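The values are calculated or read from the model by the stated rules, or taken from the named source; none is laboratory data. Everything numeric in this text was worked out from a predicted model, so none of it was measured. Every residue, glycine as well, gets a Cβ built from its backbone with ideal geometry; the counts of neighbours run over all protein chains shown. Areas reflect the complete protein model, heavy atoms only, side chains present, ligands, DNA and RNA absent. Shrake-Rupley method; radii C 1.70, N 1.55, O 1.52, S 1.80 Å.
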Amino acid sequence: MWDLLRHLLETGISTLGDVAPIAAILFGFQYLVIRQPLPHLKTIITGFVYVALGLTLFLVGLERALFPLGTLMAEQLSDPAFINGVEGGPSSSDWRDYVWIYVYAAAIGFATTIAEPSLIAVALKANQASGGGISAWGLRIAVAIGVAVGVSLGTFRIITGTPLHYYIIAGYIVVILQTLRADRTIIPLAYDSGGVTTSTVTVPLVAALGIGLASSVPGRSPLIDGFGLIAFASLFPIVSVLGYSWLVAWTRRRGRGE
Amino acid sequence: MPQSVSRFLRLLVESLRDLAPIVAVIAFFQLAVLRQPLPDLAGILIGLAMVVLGLALFVRGLEMALFPIGEALAAAFTRRANLAWLLLFAFALGFGTTVAEPALIAVAREAAAIAAEAGVVVDAPEAREDYATYLRMTVAVSVGVSLVIGVFRILKGWPLHVLIISGYGIVVVMTFFAPDSIIGIAYDSGGVTTSTITVPLVTAFGVGLAHSIRGRNPIVDGFGLIAFACLSPLMFVMAFGIVWEWGG
């Protein structure tokens, strides 16, 4: 019980440390530069308290309930004994022996993205700004599929030891080709969704997987090869959101019988 | 009052639904694949209840504070039509929210360890600390600059993809010149800069700006600030790696 309270207090202080500079900049500019009283000041301050309190509870809950299990799971799934099916010896160096890793990477990438608060915010805003034309759930699922594919491919890269920039550059080329054909209105949102996926929930669970894998696959260094999963998780949602918008446009055209 | 209570209940149900996939994935792998029992079930359930409540509060706070203040500031800046203050605000927002970001502090420290191992930095605590601080400042400045460019783009109505694709082109070229030890960090640094509080605020600010300038479309012009904030650290961190190797 005391342990929980201490954890809450520590995380609360660190969240306040995150909110304070933002609040200082916002209120500083509002009162020193714009010099106008904010409408609904009380609601805004209550909202800030909700944000800080909500993030604190969210983080403490994740750290107590899900992160320990997730990290443990990443270690167990990349453990040589689990991968080879027998005790002892180094991990297999054949990428085909790691099927459960690819499945787990895709599943956890998808699931953490659905729970990502900043993506919820962007999806809400996109739905509002488009007057309901962009579905918040459609966007979130498209982004989550992108993260799932990206993280899964990222684990494949760690296992095979192929250079990171080959994948990233190939991904950029796909994005450029898609952009040339995409509907202009979706492009900015697609580019933004790359960045929002990698935050509070996704990073700890995905980074644990990368580091666990890089330390157990023979010939990989956790310092050099453990990185890069985040880069995959922020590139592939761009591809999947552009793909999703193309699919929506295509089904609409078909529905009209053109 | 009852209306706000039912509203909050709906938010709770929605966060429960948002959390369901992650619980399902972890439970499935724990029970069906690894075939191990869930340790400390009571602790996990308490933790999950906190996560659900926290997410619902956060989303409520978004609607009450982060979205409206982002929009109000955007509208006020356009009314006063003072470009210098607007750009200064954009820089302050980018720099201020990034410089103290815990994820960035952790990555910078890790980068210093890698650089020391690669022999780019003298392997002493002070030298590593210096390297981490310079790297962190570089990323914070890069995010500040990226928001300035992003806001300027909204004002001018430039197409986003031309700027971002040329940015990617520069990143690809820089990859060939940057030291190997910095590339992984550079590619990851784009992701760590955008925190859960910054993203909603910056998004609302961009959309608000596009909304209050005549001739700009909130969807086409308002989004894209996050894309800049993710791209520019890549360039700045690689440039940092090149300069550091070259100069030191």
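Which residue is nearest to B:Asp18 (Cα to Cα), if the candidates are limited to segment A:178-204 and must be open to solvent by 10 Å² or more (accessible area, probe 1.4 Å) and more than 7 Å from chain B (Cβ to nearest Cβ)? Within segment A:178-204, the match that is nearest to B:Asp18 (Cα to Cα) is A:Pro204.
Go through segment B:215-227 and give me each residue that's within 10 Å of the chain's Cα centre (by Cα) and not small (Gly, Ala, Ser). Outline the logic, then answer.
Within segment B:215-227, the first condition is being within 10 Å of the chain's Cα centre (by Cα), and the residues that meet it are B:226-227.
Result: B:Ile226, single match.
For A:Ile169, are the conditions met, namely being surrounded by fewer than 17 Cβ atoms within 10 Å (Cβ to Cβ), assigned to a helix (DSSP H, G or I), at the interface with chain B (Cβ under 9 Å from one of its Cβ atoms) and touching a Ser or Thr at 6+ places or on another chain (Cβ under 9 Å)? When the stated conditions are applied, A:Ile169 passes them.
Does B:Leu34 meet the test of being out of contact with any Asp or Glu (no Cβ under 9 Å at 6 or more places or on another chain) and closer than 19 Å to A:Leu62 by Cα? Judged against the criteria, B:Leu34 is not a match.
Count of segment B:87-113 residues, restricted to those that are open to solvent by less than 10 Å² (accessible area, probe 1.4 Å) and not aromatic (Phe, Trp, Tyr), is 8. When we screen A:Leu16, A:Leu4, A:Leu8, A:Leu55 for residues that are open to solvent by 40 Å² or more (accessible area, probe 1.4 Å), in contact (Cβ under 8 Å) with a residue 12 or more places away in the chain and within 21 Å of B:Leu45 (Cβ to Cβ), the only hit is A:Leu8. For segment A:149-166, the tally of residues that are within 12 Å of chain B (Cβ to nearest Cβ) and in a loop (DSSP other than H, G, I, E, B) stands at 1.
Taking the listed residues B:Met137, B:Met174, the one that is surrounded by 15 or more Cβ atoms within 10 Å (Cβ to Cβ), without any contact (Cβ under 8 Å) to a residue 40 or more places away in the chain and at negative phi is B:Met137, with no other qualifying. B:Leu16: within 30 Å of A:Gly61 (Cβ to Cβ) and either basic (Lys, Arg) or open to solvent by 50 Å² or more (accessible area, probe 1.4 Å) (or both), yes or no? Spelling it out, B:Leu16 is indeed within 30 Å of A:Gly61 (Cβ to Cβ) and either basic (Lys, Arg) or open to solvent by 50 Å² or more (accessible area, probe 1.4 Å) (or both). Of the residues making up segment B:28-63, those that are within 8 Å of chain A (Cβ to nearest Cβ) and charged (D, E, K, R) are B:Arg60, B:Glu63. Of everything in segment A:216-244 that is more than 18 Å from the chain's Cα centre (by Cα), free of Cβ contacts under 8 Å to residues at least 60 places away in the same chain and not in a loop (DSSP other than H, G, I, E, B), the residue that is nearest to A:Ile101 (Cα to Cα) is A:Pro222.
Can you name the helices (runs of 4 or more DSSP H) wholly within segment B:64-156 that have at least 3 residues being at the interface with chain A (Cβ under 9 Å from one of its Cβ atoms)?
Numbers: elements: B:67-80, B:83-99, B:102-118, B:125-156.
Correct list: B:67-80, B:83-99, B:102-118.
Please verify whether A:Gly146 is modelled with pLDDT under 90, under 28 Å from B:Val25 (Cα atoms) and either part of a helix (DSSP H, G or I) or not assigned by TED's automatic domain parsing to the domain that holds A:Gly219 (or both), treating the condition exactly as stated. Answer is no for this residue. Filtering segment A:64-93 to residues that are more than 18 Å from A:Gly212 (Cβ to Cβ) and at pLDDT 75 or above leaves A:Arg64, A:Ala65.
Residue-level check: of (1) within 17 Å of B:Leu55 (Cβ to Cβ); (2) crowded, with 23+ Cβ neighbours inside 10 Å; (3) of a type in the set (Gly, Ala, Ser), A:Ala136 misses just (2).
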